[in-house]
Amino acid sequence: MPWQWANGPSGFNLGVTYQVGAVLLTGCLAGRDGAIVSQFAYLILGLTSISVFAQGGGLDYWKEPSFGYILGFIPGSALCGWLAFRKANSLFNLTFSVFCGLFIIHLVGIVYLILLSRLSGNPSFLELPSFFLHYSIYSLPGQFIVVSLASFASYLLRRILVY
């Protein structure tokens, strides 16, 4: 099961997994190429029935509405990693990088939802607005917190590691 702050301190629940934060932290620390390789490895692990995705894994996982967001990890982390190393290490630069990566993840996820709803004969995909709300809108506040923490952690780690 992915990391989740379901029963965190005082029962506080962010309502999101830490997957997005980890993806963008990887981009900030490993750069574009390292982020791409790690996300391809994550995708392959999840599609080979190792339960690393939020709702399991396996070859049929592409039918899940959340799979587009997982596909978005690749270009999202790549953009984040590219932007993170374009300028000197600063909290502003890293925060800008992770929010750009988050935007790309959601953009790819939303496009995937639309394509899957159009190409699928599955009647559950007729609920496109509810999927959009569930996977994008409702998760954004928690993800803003997680990616802000990821940018701060990457800033500190890059200062400690002197790069």
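The values are calculated or read from the model by the stated rules, or taken from the named source; none is laboratory data. Given the structure is predicted, the values throughout are model-derived calculations rather than measurements. Note that each Cβ is placed from the backbone with ideal geometry, even for glycine, and that neighbours are counted across all protein chains shown.
Structure values in brief
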read-out: Given (1) crowded, with 21+ Cβ neighbours inside 10 Å; (2) in a loop (DSSP other than H, G, I, E, B), number of the condition residue 49 does not satisfy; value: (1)
read-out: Close pairs (9 angstrom Cβ cut-off, 6 or more residues apart or separate chains): free of Cβ contacts under 8 Å to residues at least 24 places away in the same chain in segment 98-120, not in a helix (DSSP H, G or I) anywhere; value: 117/65; 117/127
read-out: Residue under evaluation residue 110, criteria (1) buried (at least 18 other Cβ atoms within 10 Å of the Cβ); (2) of a type in the set (Val, Ile, Thr); (3) under 18 Å from residue 29 (Cα atoms); (4) modelled with pLDDT under 95, criterion not met; value: (3)
read-out: Residues that are surrounded by fewer than 18 Cβ atoms within 10 Å (Cβ to Cβ) and either within 16 Å of the chain's Cα centre (by Cα) or free of Cβ contacts under 8 Å to residues at least 40 places away in the same chain (or both), drawn from segment 143-152; value: 144, 145, 148, 149
read-out: Count of residues meeting criterion [modelled with pLDDT of 80 or more and surrounded by fewer than 24 Cβ atoms within 10 Å (Cβ to Cβ)] in segment 7-20; value: 3
read-out: Close pairs from segment 10-28: first closer than 22 Å to residue 55 by Cβ and of a type outside the set (Ser, Thr, Tyr), partner surrounded by fewer than 18 Cβ atoms within 10 Å (Cβ to Cβ) and modelled with pLDDT under 70, Cβ under 7 Å, at least 6 apart; value: 13/5; 13/6; 14/5; 19/2
read-out: Residue 89 being part of a loop (DSSP other than H, G, I, E, B), at pLDDT 90 or above and surrounded by 12 or more Cβ atoms within 10 Å (Cβ to Cβ); value: yes
read-out: Residue pairs meeting the criteria (Cβ under 8 Å; at least 6 apart or on separate chains; first under 20 Å from residue 107 (Cα atoms), in segment 72-92; second part of a helix (DSSP H, G or I) and among the aromatic types (Phe, Trp, Tyr)); value: 72/112; 73/42; 74/40; 76/103; 83/96
